[in-house]
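What follows is calculated from the coordinates using simple rules that are stated; it is not laboratory data. Everything numeric in this text was worked out from a predicted model, so none of it was measured. Please note: Cβ atoms are built from the backbone with ideal geometry, for glycine as well, and neighbour counts cover all protein chains shown.
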Amino acid sequence: MPLHHAVLVLLSDGPGYGYELKTQFEEAIGPQWGGLNIGHLYQILERLERDGYVASSHVSQSSRPDKTLYTLTAAGREELHGWATRAWVRTSGFRDELFLKLLGASRLGADALSELLMAQRSACISDIGALTRLRSEHGGEPLVALLIDAAIAHLKADLQVVDSAAARLSPGLRRPSSDSRAGAADDDTAARAAGMRPPRTGRIP
């Protein structure tokens, strides 16, 4: 995640301390993103300073430990502008655990797939409801509201995947492997010879 650049964004408004930057980030982005770990933030600040994008200075305090003040450099402002104005392009593919679950459930059979789809649909609808309520609480914060809207849009896309998965994956469950077809044919032949009904295979008819 480009948190390095998000820190540069915060420092573009003026110098800041570590905990101040953490608070500013969480207020600017809102609750949907999640909190920013302070230890990770200081690692980012150290990296930015090594790269020449941030400069630090120590501020003495009489009754408390010294604080470190971070300031955006000219190189940092140039880096920020270049990053902020370039189009974002996905480079790592769509690594969504939902698709791994669909892989697993579809391999386990029709019942497992149906169970997953019902549970996932319920979870999506519940999350959309919760986010819609959260959206109404942050209507006056345009960026936070925009992030919540994006989360709702992602969940609606997941719902579309869930709604189409049964039709698109279930046919695959009806196609047994060549070995299974051979075994089923042998069972049918033996059953007919004995005048019996072929045994159920457990597959979708």
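Filter the stretch 4-13 for residues that are over 23 Å from the mean Cα position of the chain (by Cα) and in contact (Cβ under 8 Å) with a residue 40 or more places away in the chain; which is nearest to Gly76 (Cα to Cα)?
Across the stretch 4-13, the extreme among qualifying residues is Leu8.
In the stretch 75-96, which residue that is exposed (fewer than 10 other Cβ atoms within 10 Å of the Cβ) and among the hydrophobic types (A, V, I, L, M, F, W, C) is farthest from Val9 (Cα to Cα)?
Selected residue: Phe94.
Could you list all residues from the stretch 42-65 that are touching a residue at least 12 places away in the same chain (Cβ under 8 Å) and small (Gly, Ala, Ser)?
Across the stretch 42-65, the qualifying residues are Gly52, Ala55, Ser56, Ser57.
If I go through the stretch 27-41 residue by residue, how many of them are touching a residue at least 40 places away in the same chain (Cβ under 8 Å) and in a helix (DSSP H, G or I)?
So the count comes out to 2.
Does the stretch 145-171 hold any residues that are charged (D, E, K, R) and over 20 Å from the mean Cα position of the chain (by Cα), and which are they?
Arg168
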